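Only one structure is covered here, and it is reproduced in the block below.
Values in this text are rule-based calculations from the coordinates and carry no lab data. Bear in mind the structure is a predicted one, so any value in this text is a computation, not a measurement. In this analysis, Cβ positions are derived from the backbone assuming ideal geometry, glycine residues included, and neighbour counts consider all displayed protein chains.
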Amino acid sequence: MKLKILVLSCLLLQQAHAQFRNFGKVKWTYRTQDKIFTTPALFRQSILTASMDGHLYSLQRSNGRLNWKFKAGAGIATHPLVTDTTVYFGSYDGHYYAVNANSGKLQWQFQTGGERRIGSKGYWSMTPASMYMEDQYDLFLSSPATDAQHVYFGSSDSCIYAVNRENGQPVWKYKTNGPIHGGVTYSNNIVLVGSWDTYVYALDAASGKLIWKFKTNADPKDHVLEGIQSTPVVVGNTVYIGTRDARLYAMDIMTGQRQWQYLEPGKAWVVGSAVVEGNHVYVGTSDSYLMMDLNASNGELRKQVKGGGYIFGAPAVYGNTLCYGDFTGRLFLVNTPNWQQTAVFETPGRIENGAQVLDSAGNINFMKIAAGAATDKYSTALAVMEKLFKLGPFVATPVIAESTVYATSTDGTLYAIELK
């Protein structure tokens, strides 16, 4: 037993100081039939990925070969969560699923009040005002969390649900005043999630009763700075969560009292979830293209690096290496001790289309991409997003394991890339 503990301690110590400086060869890729907005999940020697083609895929981590695939009724836009031998996820068909992670067989499914993208007539004051418009940057549905007995998730029907983990039977639900597309977190017998109504909610995990709710600084009349897409992160007694009001908040998990907030000077959304390591909070921003290192105690900015596009996913942190992706189809490696960007990986779409879509510095420039079209028209927003998708954006969090980074792209591909 002492030997096992010593070996485990050595492995953890090696990981703590591990550092990758370069991307190596692409070990394998797996192409689905539609965009991927979700973070892959590791399960034993397999990796699970979900696609907007409506399938959940189980692949062999060593070579990317298919173990099995499960078909939902519509696109899957939640990060799959594996607990024991079951994977939980939700689909735009209005169901949350439990599937056996070994075989891909359905264990149960639960029907919500329906899933949809955020939208309204004349959204963001775009024209024509009478037309119903979807938010093109609302890419995710609410990813689930579990405890020993329950699965928790939010829904576009504005409710937070708790269902029995074994059979999917409803236990309780709590209704907010807006769709819930941010991920759910369970900690200290508390369920935490942000709603599009601009509040963060803390509910008693056993009963679903409200413990507290926290009002962000978003004004519901200002659709541009409204909404919560990230998943709360809990470390100790502190909850960290970013929102579209251009802030990252730290609040007390028991009371909801704000400890500090960081306001992004350029008023860029904080869409991706934070990663907390020691006294460091790593988090990305949208329109300012930043990956930041904040002081976990007070929210002060330590360091930042700037890429060329929106950052919607959290970074993967492994030892002294941080890896994140952006909307231009690039993955970046950052050395955390000196905060130097050491390597870049580009998708085939970025290589092929970057010069036509991006500006001369390789950055997203909406006016350039719009190419003179009226910027207040919804059709222009659709056309710009269509061009951005040609780059193969990385909008989810990459995963690092055994000197390999696994990253999903909206080009429909799961990449397994060697790290050196």
Please indicate, with yes or no, whether at least one residue in region 230-239 is in contact with a helix residue (DSSP H, G or I) (Cβ under 6 Å, 6 or more places away or on another chain), of a type outside the set (Phe, Trp, Tyr), closer than 25 Å to Ser156 by Cβ and crowded, with 24+ Cβ neighbours inside 10 Å.
no
Considering each of Ile364, Ile351, Ile311, Ile369 in turn, give the residue that is over 19 Å from the mean Cα position of the chain (by Cα), closer than 25 Å to Lys390 by Cβ and crowded, with 21+ Cβ neighbours inside 10 Å.
Ile364
Residues within region 283-318 that are farther than 26 Å from Thr410 by Cα and not basic (Lys, Arg), tallied:
9
Looking at the structure I just gave you, is Tyr132 without any contact (Cβ under 8 Å) to a residue 24 or more places away in the chain, among the aromatic types (Phe, Trp, Tyr) and closer than 30 Å to Thr176 by Cα?
yes
Could you run through region 145-164 and say how many residues are of a type outside the set (Gly, Ala, Ser), within 23 Å of the chain's Cα centre (by Cα) and not in a strand (DSSP E or B)?
2
Meets criteria (hydrophobic (A, V, I, L, M, F, W, C) and not in a strand (DSSP E or B)) for Ala202
no
Identify, from the list Arg302, Arg330, Arg350, the residue that is farther than 30 Å from Pro232 by Cβ and touching a strand residue (DSSP E or B) at 6+ places or on another chain (Cβ under 9 Å).
Arg350
Entirely in region 59-144, the strands (runs of 3 or more DSSP E) that have 1 or more residues that are out of contact with any helix residue (DSSP H, G or I) (no Cβ under 7 Å at 6 or more places or on another chain) and among the small types (Gly, Ala, Ser)
86-90, 95-100, 119-121
As an exercise: evaluate Thr336 against (1) in contact with a His (Cβ under 9 Å, 6 or more places away or on another chain); (2) without any contact (Cβ under 8 Å) to a residue 24 or more places away in the chain and give the number of the one condition it does not meet.
(2)
